[in-house]
Amino acid sequence: MKVLGETLRALAEREHPSDGDRARALREAFRDSGLAVASERMWLTAPEPVVKASNSVFHCLRRICDGYVDGTRLNSPEDRARWEARGTAAARMRKLMREDLGVGPLAERHGPLLDDPTQPATP
């Protein structure tokens, strides 16, 4: 999830010879990320609440990718809303996965919100 997110942001930021080239690069990154394989593994092995949560994250990342394909600009209100939805979905998925594994809850969020001045950036 993290690597794909960073890759999508980098591709959205980069200049491309054409909109078609940009769309191909973004779709290829999504396809080659391994996220579909990880998602399928969840469908086969995880309990239903974890499957639903991981599927939500998958679709959030798909909406981010599709938004960039359609020309959404980095850090636009639409982009920020999609990333916030992904962060919320990922936090829920992690919580449910930790419960399923029998480990305690985390005391803090995995990473700060995009451009949230109240949160320090993580290295």
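The values are calculated or read from the model by the stated rules, or taken from the named source; none is laboratory data. All of these numbers come straight from a predicted model, not from anything done at the bench. Reconstructed Cβ throughout: ideal geometry from the backbone, glycine too, with neighbour counts over all protein chains shown. Surface accessibility is based on the protein's heavy atoms, side chains included, excluding ligands, DNA and RNA. Shrake-Rupley method; radii C 1.70, N 1.55, O 1.52, S 1.80 Å.
Any residue in segment 43-64 that is farther than 24 Å from A23 by Cβ sitting within a Cβ distance under 6 Å of a residue that is open to solvent by 40 Å² or more (accessible area, probe 1.4 Å)? List the pairs, counting only those 6 or more apart or interchain.
P47/D100; V50/M97; V50/D100; V51/W43; A53/R92
Tell me which of these S56 doesn't satisfy, since it passes every other one: (1) closer than 21 Å to A10 by Cβ; (2) surrounded by 13 or more Cβ atoms within 10 Å (Cβ to Cβ).
Result: S56 fails condition (1) only.
I want to confirm something. Restricting to segment 2-31 and keeping residues that are without any contact (Cβ under 8 Å) to a residue 40 or more places away in the chain and surrounded by 15 or more Cβ atoms within 10 Å (Cβ to Cβ), which single residue is farthest from the chain's Cα centre (by Cα)?
First, the residues of segment 2-31 that are without any contact (Cβ under 8 Å) to a residue 40 or more places away in the chain: 2-3, 6-7, 10, 14-18, 20-21, 24-25, 28-31.
Still in the list and also surrounded by 15 or more Cβ atoms within 10 Å (Cβ to Cβ): 7, 25, 29-30.
Working: T7: 10, A25: 17, A29: 13, F30: 10 Å.
Of everything passing the filter in segment 2-31, A25 is farthest from the chain's Cα centre (by Cα).
Got at least one residue in segment 96-111 being open to solvent by less than 40 Å² (accessible area, probe 1.4 Å), of a type in the set (D, E, K, R) and either assigned to a helix (DSSP H, G or I) or modelled with pLDDT of 85 or more (or both)?
There is no residue in segment 96-111 that is open to solvent by less than 40 Å² (accessible area, probe 1.4 Å), of a type in the set (D, E, K, R) and either assigned to a helix (DSSP H, G or I) or modelled with pLDDT of 85 or more (or both).
Does at least one position in segment 40-51 carry a residue that is closer than 20 Å to A90 by Cβ and under 15 Å from the mean Cα position of the chain (by Cα)? Steps first, please.
At the first step, the residues of segment 40-51 found to be closer than 20 Å to A90 by Cβ are 40-43, 45-51.
Add one more test, that the residue is under 15 Å from the mean Cα position of the chain (by Cα), and what stays is none.
Within segment 40-51 (the criterion being closer than 20 Å to A90 by Cβ and under 15 Å from the mean Cα position of the chain (by Cα)), the answer is no, since none of the residues qualifies.
Consider R63 carefully, then state whether it is open to solvent by 20 Å² or more (accessible area, probe 1.4 Å) and touching a Ser or Thr at 6+ places or on another chain (Cβ under 8 Å). Break it down stepwise before answering.
On the way: open to solvent by 20 Å² or more (accessible area, probe 1.4 Å): yes; touching a Ser or Thr at 6+ places or on another chain (Cβ under 8 Å): no.
No, not satisfied.
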